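The values are calculated or read from the model by the stated rules, or taken from the named source; none is laboratory data. All figures in this text were calculated on a predicted structure; none of them were measured in a lab. Cβ sites come from the backbone with ideal geometry, for glycine too, and all protein chains shown count toward neighbours.
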Amino acid sequence: MPSLVRILTHPESRRPGPPPLNVDLRKVVLAGLAAWALALIVAVILVVADVQEWPAIAVCVSGLALGGLGLLWARKQR
């Protein structure tokens with residue numbers, strides 16, 4: 001078994017890494033969007049009940065917007 005120093009100084013002596021998995025990124029992004037949508041619903045309920053303040057809603061909306069961009073990116077990568 002090669003030492004850590006040898007592996008770091010000669011990376012070609014390592015065994016090759018496994019091939020990347022084929023993952024449907026659309027499903028992953030949609031799961032994240034669903035989580036942000038649920039968080040948005042909870043945040044709105046908490047703001048209406050005067051338990052939380054408006055920045056929580058802004059964070060959830062930002063998460064949904066970034067997830068939408070991620071969905072567009074995943075669509076282009078297909």
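Assorted remarks:
Every residue, every condition in (1) modelled with pLDDT under 95; (2) in contact with a Pro (Cβ under 8 Å, 6 or more places away or on another chain); (3) among the small types (Gly, Ala, Ser), yes or no:
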{"site": "Met1", "(1), (2), (3)": "yes, no, no"}
{"site": "Ala39", "(1), (2), (3)": "no, no, yes"}
{"site": "Ile57", "(1), (2), (3)": "no, no, no"}
{"site": "Leu64", "(1), (2), (3)": "no, no, no"}
{"site": "Gln77", "(1), (2), (3)": "yes, no, no"}
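- Residue, farthest from Arg75 (Cα to Cα), within the stretch 4-26, restricted to residues that are of a type in the set (D, E, K, R) and surrounded by 10 or more Cβ atoms within 10 Å (Cβ to Cβ): Arg6
- Subset of the stretch 14-29 [in contact with a helix residue (DSSP H, G or I) (Cβ under 7 Å, 6 or more places away or on another chain) and farther than 30 Å from Ser3 by Cβ]: Leu25, Arg26, Val29
- Scanning the stretch 40-54 for residues that are of a type outside the set (A, V, I, L, M, F, W, C) and surrounded by 11 or more Cβ atoms within 10 Å (Cβ to Cβ) yields Gln52, Glu53.
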